[in-house]
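Colleague: Let me give you the structure first, and then I'll get to my questions.
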Amino acid sequence: MRFSKMLIPTLKESPADAEVVSHKLMLRGGYIRKLASGIYSYLPLGLAAIRKVEKIVQEEMNLAGAQELLLPMVQPSDLWKESGRWQKYGAELLRFTDRHDRESCLGPTHEEVITDLVRKNLHSYRDLPINLYQIQTKFRDEIRPRFGLMRGREFIMKDGYSFDATESGAEETYEKMNVAYHKIFSRCGLKFRAVDADSGTIGGSFSHEFMVLADTGEDTIVTCRNCSYAANMEKAQAAISPSDNAEMKDLEKIETPGKRKVVAVCDFLNITPDKLVKTLIYIVDGTPVAVLLRGDHEVQEVKLQNLLNADEIRLADDKEVFDATGVPTGYLGPAGLGIKKVADQEVGQMRNFAIGANEKNYHMLNANLERDFEIDAIGDIRTVTEQDLCPKCAGPLELTKGIEVGHIFKLGTSYSESLKATFLDSQGEEKYFIMGCYGIGVSRIVAAAIEQNHDKDGMIFPMPIAPFQVMILNLSTKDEDITHAAEALYQKCLDNGIEAIIDDRDERPGIKFKDADLIGIPLRVNVGKNFSKDGQVEIKIRSTGETLSFSADDAPEKIKKLVEEALHIDNL
RNA sequence: CGGGAUGUGGCUCAGUCUGGUAGAGCACAGCGUUCGGGACGCUGGGGUCGGAGGUUCGAAUCCUCUCAUCCCGACCA
């Protein structure tokens, strides 16, 4: 392609509404333009990068036995009502009615449509397993879109769905996708971790998120510095503390005037927060539940929700607490509290701890589980911190920020049951399809790659997903020899199957250098005054800044070699 | 949805407090000089200040409503 003919509107300054680096650089480099909040146009360069990612995704998915199709974006409400998600999904689902007053929505995901397709067309175990995917624009009416392509309302996603006849088959399919995903993100040149993710009420470890490591990520992931343990914050566990075997002392009521917060109470009682159990009240599907935690721990609401098998939980406000317990917040304790109680497993390890006395201005010392109060459920319901130890090897844990670019999930039969999607097994028995779903944020990958690869001058694309592999700069369009050499080199590259763009604009060299750095094409070739002097051109490697000189004749071969090397390195 | 902020040529921003009919840099067009890290000079085109209403002799500036965008939080396949 010719720069002079291509729509590449670069900017010297970042538009004021861009916050993160990928957003700024994609706007400045002429990759994208915003149309409305969370809705972007992909310009030629942006689309070229997206197409590269799509191609890698398609190759690996096909290799893993999946087949591509394309499902409708506009979907009738009937299907969503049948699955129950017309109610459940909430405002993120953009709904509208057509001219015949039929309710419809824009597809945020396609479990309903694919399940409908399969239930209508596949009826036998002989047809299984089958794995279908599409690459398509999705629309989710996010409450708060932000950071450009990182969280748009409209975005490009690869979503795949598998249907198996048996549990073991479904697990095999899941593992195939796991392998394919590792290859896809590696091939995209991304540094990433696959982490255990919350799999909701289904349970088991059949959900993994693929997180690109970057400070601007919106998710937190927990990794072990020693072993391979890695998990999403909502799922991450910590090694459990050894149980305290101290002898139980006598329960003692003590006045703690005005001391409500954990820190204040502990200071007053001269104990550390890990010797206190705090009592929080949650409203769980409409009923108050007491949640017990060690003083220095915090609730992980997703874990709590899973433990209680609840649809909706939220922290109660002061009034709801008083209505439920008759005690003002700050003095709540489990002993004698007449509502359902759940405790974090760490509470079970403690002895002789402090609790609220359920009376204003009083706490209790030397409380003990079972002797002084009973609980209805116990489990891991707290948030892991960097002070905790790895649940697998007891090594030190690290919290890092990540961008979720992929998520694989073993769905089981939840959708096939709600949509009554069945097949006949070899015994002639009617069975529900066992499903899995597998998503990749294609447009988000491009943003994540830039978050991970940039410098003060601009983007630094990994070779496999760069819009072009090499950019040739004609540094003097007025000089016939230089122009001739640059054009010849460009043509030679194209002939050799190298994806090349030539900057043939009638601009000064400085502008071309700046734009080239900004746009981030991995290889750049300068054809300018050194060519006039001694027939040399320079190949500059964007990532390292290294510059190599070659005669114009040798350059194409060298470029080809560099491109292939870069593709291979990134293939590991 | 709660909190905060911003809307002035294509972009970045000044002017708003202390009303007097709009400015800079970049970008754009023409000419000339330049030409290896976003050149310089001259000339020129382009905005009625997010929108509506109001106060006033007079509103970018004051008031009311409204729309949009961004940030923090809550929420989130």
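Colleague: Binning every alpha carbon pair distance of the stretch A:7-48 at 10 Å from zero, what are the percents per bin?
Modeller: 32, 61, 7
Colleague: In whole angstrom, how long is each semi-axis of the equivalent ellipsoid of the stretch A:252-379, when you take the square root of 5 times every eigenvalue of its Cα gyration tensor and sort them from largest down? Before the final figure, lay out each step's value.
Modeller: Details: eigenvalues 98, 52, 32 Å².
In descending order, the three semi-axes are 22, 16, 13 Å.
Colleague: If one takes the longest principal axis of the Cα atoms in chain A, at what angle in degrees, from 0 to 90 and to the nearest 10, does the Cα axis of helix A:480-495 lie?
Modeller: It works out to around 60 degrees.
Colleague: Across 5 Å bins from the origin, how do the percents of Cα pairs in the stretch A:309-417 run, short distances first?
Modeller: Here the calculated profile for the stretch A:309-417 is 2, 8, 12, 16, 16, 15, 11, 9, 8, 3, 1.
Colleague: Okay, next question. Can you flag which of A:Lys176/A:Lys410; A:Lys81/A:Lys303; A:Lys176/A:Lys392; A:Lys261/A:Lys360 are past 19 Å Cα-Cα?
Modeller: From A:Lys176/A:Lys410; A:Lys81/A:Lys303; A:Lys176/A:Lys392; A:Lys261/A:Lys360, over 19 Å: A:Lys81/A:Lys303; A:Lys176/A:Lys392.
Colleague: Would you mind working out the magnitude of the charge dipole of the stretch A:239-357 relative to its Cα centre, with +1 at each Lys and Arg C-beta and -1 at each Asp and Glu C-beta, to the nearest 20 Debye?
Modeller: So the magnitude is around 220 debye.
Colleague: Right, next: On C-alpha positions alone, give me the angle between the axis of helix A:111-121 and the longest principal axis of chain A, in degrees, nearest 10.
Modeller: Computed tilt is about 80 degrees.
Colleague: What fraction of the Cα pairs in the stretch A:468-569, stated in percent, has a spacing above 25 angstrom?
Modeller: Beyond 25 Å sits 9 percent of the P(r) for the stretch A:468-569.
Colleague: How high is the relative contact order of the stretch A:468-569, in percent, with contacts defined as C-alpha pairs under 8 Å that are six or more residues apart?
Modeller: Value for the stretch A:468-569: 30 percent.
Colleague: Same structure again: Where the eigenvalues come from the Cα gyration tensor of the stretch A:272-342, what are the semi-axes √(5λ) of the equivalent ellipsoid, largest first, in whole Å? Please report the intermediate quantities before stating the final value.
Modeller: Details: eigenvalues 65, 53, 20 Å².
After diagonalising the Cα gyration tensor, the semi-axes are 18, 16, 10 Å.
Colleague: With each run of n ≥ 4 DSSP H residues scored as -39500 (n - 2.57), what mean residue ellipticity at 222 nm is computed for chain A after dividing by its residue count and rounding to the nearest 500 deg cm²/dmol?
Modeller: -8500 deg cm²/dmol
Colleague: Once the Cα atoms of helix A:442-452 and of chain A are each reduced to a long axis, what angle between those two axes, in degrees from 0 to 90 to the nearest 10, is obtained?
Modeller: Taking the Cα atoms of chain A, the angle to A:442-452 is about 90 degrees.
Colleague: How high is the relative contact order of the stretch A:193-328, in percent, counting Cα pairs under 8 Å that sit 6 or more residues apart?
Modeller: Once normalised by length, the contact order is 17 percent.
Colleague: What lysines could a cross-link reach from A:Lys512, if we take a straight Cα to Cα line under 20 Å and drop same-chain neighbours fewer than 8 places away?
Modeller: Straight-line reach from A:Lys512, under 20 Å: A:Lys5, A:Lys12, A:Lys24, A:Lys456, A:Lys478, A:Lys529, A:Lys540.
Colleague: Using alpha carbons only, how many angstrom separate the centre of the stretch A:251-271 from the centre of the stretch A:456-517?
Modeller: Between the Cα centre of the stretch A:251-271 and that of the stretch A:456-517, the gap is 71 Å.
Colleague: Considering only the other residues whose Cβ falls under 11 Å of the Cβ of A:Ala290, what net charge follows from Lys and Arg at +1 and Asp and Glu at -1? Walk me through the intermediate numbers first.
Modeller: On the way: positive: A:Lys278, A:Lys340, A:Lys341; negative: A:Asp376.
Once positives and negatives cancel, what remains is +2.
Colleague: I would also like to ask the following. If you wrap a convex hull around the alpha carbons of chain A, what volume per residue comes out, as a whole number of Å³?
Modeller: In chain A, the Cα hull volume divided by residue count equals 202 Å³.
Colleague: Right, something else. Along each of its three principal axes, how wide is the spread of alpha-carbon positions in the stretch A:101-203, in whole angstrom units, largest first?
Modeller: Computed over the stretch A:101-203, the largest-to-smallest principal extents equal 48, 46, 28 Å.
Colleague: Now for a separate question. Measuring from centroid to centroid over Cα atoms, what is the spacing of the stretch A:297-331 and the stretch A:136-197 in Å?
Modeller: Taking the Cα centre of the stretch A:136-197 as reference, the centre of the stretch A:297-331 is 33 Å away.
Colleague: Suppose we keep just the DSSP beta bridges with both residues in the stretch A:468-569; what percent of those would be antiparallel, to 5?
Modeller: Percentage antiparallel, nearest 5: 50.
Colleague: With +1 on the Cβ of every Lys and Arg and -1 on the Cβ of every Asp and Glu, and nothing else charged, how large is the dipole of the stretch A:468-569 about its Cα centre, in debye rounded to the nearest 20? Please list the in-between numbers first.
Modeller: Numbers: 14 positive and 20 negative charges, 64 e Å.
Around 300 debye, computed over the stretch A:468-569.
Colleague: Run through every distinct alpha carbon pair of the stretch A:126-269 and return the Kirkwood hydrodynamic radius in angstroms, one decimal place.
Modeller: 20.1
Colleague: Here's something else I'd like to know. With a cut-off of 8 Å between alpha carbons and a minimum separation of six or more residues, what is the relative contact order of chain A in percent?
Modeller: In percent, rounded to a whole number, it is 17.
Colleague: Could you let me know the centre-to-centre spacing of the stretch A:525-565 and the stretch A:21-75, using Cα atoms, in angstrom?
Modeller: 31
Colleague: Further, regarding this structure: Please find the FRET efficiency linking A:Arg146 to A:Thr166, where r is the Cβ-Cβ separation and R0 is fixed at 35 Å, and quote it to the nearest 0.05.
Modeller: 0.25
Colleague: Antiparallel DSSP bridges in chain A: what percent, to the nearest 5?
Modeller: DSSP beta bridges in chain A are roughly 80 percent antiparallel.
Colleague: List the Cys residues of chain A that have no partner Cys with a C-beta closer than 4.7 Å.
Modeller: Cys with no partner Cβ under 4.7 Å: A:Cys105, A:Cys188, A:Cys266, A:Cys437, A:Cys493.
Colleague: So, one more: Find which of A:Ser543, A:Asn474, A:Pro522 sits farthest along the positive direction of the dipole of the stretch A:468-569, computed with +1 on the beta-carbon of Lys and Arg, -1 on that of Asp and Glu, about the Cα centre.
Modeller: Of the listed residues, the answer is A:Ser543.
Quick note: the coordinates plus some simple rules give every number you see, no bench work behind them. Remember, predicted model here, so these are calculated numbers, not experimental data. Cβ coordinates were reconstructed from backbone atoms using ideal geometry, including for glycine residues, and neighbour counts include every protein chain displayed.
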